[in-house]
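Only one structure is covered here, and it is reproduced in the block below.
The values are calculated or read from the model by the stated rules, or taken from the named source; none is laboratory data. On a predicted model such as this, the values are computed, not experimentally measured, just so you know. Reconstructed Cβ throughout: ideal geometry from the backbone, glycine too, with neighbour counts over all protein chains shown. To get the accessible areas, we keep the full protein, side chains included, count just its heavy atoms, and leave off ligands, DNA and RNA. Shrake-Rupley method; radii C 1.70, N 1.55, O 1.52, S 1.80 Å.
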There are 2 protein chains.
Amino acid sequence: MTDRTRSRDRDDVGLPDPPWRSPRRPLRRRITREGIVDAAAVVLDRDGADAVTARAVAEQMGTGPASLYAHVDGKNELLELLVDRVIGEMAVPEEASAERWTDQLRQMCHDTRTVLLAHPGIAKVALAGPPSGPNALRRTESLLGVLRTGGLSDQVAGLAVDLLSLFVVSSAYEADVRRSAVAASETDWPAKLEGYFAALPPHYPNIIDLAAELTRPSEVERFEFGLDVLIGGIRALGHSADG
Amino acid sequence: MTDRTRSRDRDDVGLPDPPWRSPRRPLRRRITREGIVDAAAVVLDRDGADAVTARAVAEQMGTGPASLYAHVDGKNELLELLVDRVIGEMAVPEEASAERWTDQLRQMCHDTRTVLLAHPGIAKVALAGPPSGPNALRRTESLLGVLRTGGLSDQVAGLAVDLLSLFVVSSAYEADVRRSAVAASETDWPAKLEGYFAALPPHYPNIIDLAAELTRPSEVERFEFGLDVLIGGIRALGHSADG
DNA sequence: TCACAGGACGAACATTGTTCGTAGCAGCGA
DNA sequence: TCGCTGCTACGAACAATGTTCGTCCTGTGA
């Protein structure tokens with residue numbers, strides 16, 4: 001339980017790699033938490049989250065893996081910091097509006113999804129731990145504001161914020177998995193899967209019948225559908241008597 | 001791309017560990033796919049999904065890790081088989097009923113969650129790959145039947161089946177993570193988190209205000225809420241004009 | 001200038017998934 | 001019954017990973 005809440009309100013964290021002098025650094029470098037997360041972000045965007053290993057991050061900094069452990073508790077903490085950094089790329093609405101609250105909700109969910117998908121593999125990491133960093137907190141705060149402004153009860157707002165986040169992150173994870181799977185085998189997968197479903201033995205009449213509906217929708221369509229269902233359902237539940 | 005679809009319609013897969021003769025087996029054992037999955041299931045239930053390593057499974061069978069690779073493509077395939085075996089423990093309704101379709105839906109979601117949580121760590125694995133095994137297919141078939149019997153359009157049924165599965169599995173994953181985290185540090189975590197939220201700086205008025213609502217609901221309550229929202233939303237969307 | 005404390009880092013350890021090469025068993029034809 | 005052939009169980013090893021230990025350097029205060 002180190003002081004993870006300290007040194008948070010800095011906005012100059014994202015500086016990309018100040019070229020101090022030259023690639024040769026005979027001087028002993030000064031390693032910082034922020035520098036480590038910077039290096040991890042570079043590796044993340046270049047090779048994906050699975051490539052964010054202690055060695056890769058260290059090499060990106062021009063040192064060995066042992067050098068990280070004086071500033072970061074372990075890979076877990078490093079990944080948490082990385083996730084929060086990604087979440088920090090998202091914009092949050094200035095002020096919640098009572099009329100446009102569902103639009104704001106949709107917008108925030110879209111933005112979360114976008115930043116997650118912009119960094120391949122990070123959704124899986126985000127799913128692993130509950131959001132605890134300052135940027136995630138800021139997002140939760142804003143989300144709660146929108147929900148309450150929409151007239152939802154406190155109880156429903158509290159539950160809905162978790163539900164929406166779970167949906168957005170897990171949906172991004174699935175999209176990510178599917179995307180990299182498609183990237184691996186370049187054959188167009190939905191068509192093959194549809195053929196497979198359609199050719200199933202007759203024990204599966206519904207799957208055979210709905211082969212197209214099961215395989216054709218894009219990830220975006222699925223996401224939009226989920227968003228419609230969730231927001232509609234939350235609205236209905238939140239405006240009845242009490243949840 | 002091996003013949004993964006072959007040898008599927010066997011129901012005697014679940015036999016627990018026939019004690020052939022004695023722990024000493026001077027005879028060369030006959031290793032089968034089913035035997036490997038059996039052993040993996042034993043390790044899973046004993047030590048959790050993270051402990052399902054090639055070595056652990058092999059040791060459970062009294063052999064070395066290399067012996068598995070003649071029957072299983074790799075750890076991925078082994079885990080897929082394991083997930084499908086777990087899904088197979090779930091009961092599916094005999095026939096879809098037009099009146100009780102939402103009850104049947106809830107029941108199936110509950111059952112899925114139950115079997116997932118009965119095997120610690122398996123939800124994470126189930127989340128990784130889209131369901132492809134015969135048991136998952138049977139479940140999807142049944143789910144589709146219930147949704148169509150409920151009067152939903154084909155399009156909505158196809159999307160809803162994915163959405164529901166995503167919610168159930170990811171929610172089980174979160175419950176699993178939380179459970180093992182609580183098991184690790186035996187202090188009661190929700191209370192601590194609530195205190196942390198309540199003591200946040202005033203930049204977070206909503207989180208401070210809803211600290212209790214955010215931390216107190218149990219995993220079951222969250223799950224029930226999500227189910228209410230999803231089924232309500234699906235119902236509303238499926239019975240309007242067209243999705 | 002000098003001693004000290006903190007940290008950068010080389011090397012190593014344990015654990016993982018996976019592959020190679022060997023050797024032994026099973027089944028089959030004679 | 002005997003020998004051959006092909007499949008396969010499996011010991012050993014390899015590469016990659018997270019993490020720790022001990023050493024030595026370096027910046028800093030007196």
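Of the conditions (1) over 15 Å from the mean Cα position of the chain (by Cα); (2) without any contact (Cβ under 8 Å) to a residue 12 or more places away in the chain, residue A:77 satisfies every one except a single condition; which number is it?
With respect to (1) over 15 Å from the mean Cα position of the chain (by Cα); (2) without any contact (Cβ under 8 Å) to a residue 12 or more places away in the chain, residue A:77 is out only on (2).
Is it the case that region B:145-163 has a residue that's under 24 Å from the mean Cα position of the chain (by Cα) and more than 9 Å from chain A (Cβ to nearest Cβ)?
Yes: region B:145-163 contains one or more residues that are under 24 Å from the mean Cα position of the chain (by Cα) and more than 9 Å from chain A (Cβ to nearest Cβ).
Filter region B:88-126 for residues that are basic (Lys, Arg) and free of Cβ contacts under 8 Å to residues at least 40 places away in the same chain and give the result.
Hit for region B:88-126 is B:100, nothing else.
Residues A:81, A:116: which one is hydrophobic (A, V, I, L, M, F, W, C), within 17 Å of residue A:37 (Cα to Cα) and not assigned by TED's automatic domain parsing to the domain that holds residue A:180?
Step by step, each of A:81, A:116 is checked, and only A:81 is hydrophobic (A, V, I, L, M, F, W, C), within 17 Å of residue A:37 (Cα to Cα) and not assigned by TED's automatic domain parsing to the domain that holds residue A:180.
For residue A:237, all conditions in the list (1) over 16 Å from the mean Cα position of the chain (by Cα); (2) free of Cβ contacts under 8 Å to residues at least 12 places away in the same chain; (3) facing another protein chain (nearest Cβ under 10 Å) hold save one; what is the number of the exception?
(2)
For residue A:101, which of the numbered conditions (1) surrounded by fewer than 21 Cβ atoms within 10 Å (Cβ to Cβ); (2) over 20 Å from the mean Cα position of the chain (by Cα); (3) closer than 28 Å to residue B:233 by Cα fails to hold?
(1)
For residue A:50, indicate whether it is closer than 30 Å to residue A:183 by Cβ, in contact with a Leu (Cβ under 8 Å, 6 or more places away or on another chain) and within 16 Å of DNA strand C (Cβ to nearest atom).
In short, no.
State which residue is nearest to the other protein chains (Cβ to nearest Cβ) when the search covers only region B:202-223 and only residues that are among the aliphatic types (A, V, I, L, M) and open to solvent by 50 Å² or more (accessible area, probe 1.4 Å).
Among them, the one singled out is B:208.
Taking the condition of being without any contact (Cβ under 8 Å) to a residue 40 or more places away in the chain and open to solvent by 70 Å² or more (accessible area, probe 1.4 Å), how many residues in region A:167-201 meet it?
8
Would you tally the residues in region A:55-69 being open to solvent by less than 30 Å² (accessible area, probe 1.4 Å) and assigned to a helix (DSSP H, G or I)?
Residues that pass the stated criteria total 4.
Where in region A:125-240 are the helices (runs of 4 or more DSSP H), entirely inside, with at least 2 residues that are modelled with pLDDT under 95, within 28 Å of residue A:80 (Cα to Cα) and hydrophobic (A, V, I, L, M, F, W, C)?
In region A:125-240, A:154-184 are the helices (runs of 4 or more DSSP H) which contain 2 or more residues that are modelled with pLDDT under 95, within 28 Å of residue A:80 (Cα to Cα) and hydrophobic (A, V, I, L, M, F, W, C).
Of the numbered conditions (1) open to solvent by 60 Å² or more (accessible area, probe 1.4 Å); (2) in contact with a helix residue (DSSP H, G or I) (Cβ under 9 Å, 6 or more places away or on another chain), residue B:94 fails exactly one; give the number of that condition.
It fails just one condition, (2).
Spot the failing condition for residue B:137; the list is (1) open to solvent by less than 30 Å² (accessible area, probe 1.4 Å); (2) more than 9 Å from chain A (Cβ to nearest Cβ), and only one is missed.
So the condition that residue B:137 fails would be (2).
Go through region B:70-93 and count every residue that is assigned to a loop (DSSP other than H, G, I, E, B) and either within 14 Å of chain A (Cβ to nearest Cβ) or within 16 Å of DNA strand D (Cβ to nearest atom) (or both).
Residues in region B:70-93 being assigned to a loop (DSSP other than H, G, I, E, B) and either within 14 Å of chain A (Cβ to nearest Cβ) or within 16 Å of DNA strand D (Cβ to nearest atom) (or both): 6 in total.
Name the single residue that is farthest from DNA strand D (Cβ to nearest atom) among those in region A:1-59 being modelled with pLDDT of 50 or more and within 14 Å of chain B (Cβ to nearest Cβ).
Out of the qualifying residues, it is A:49.
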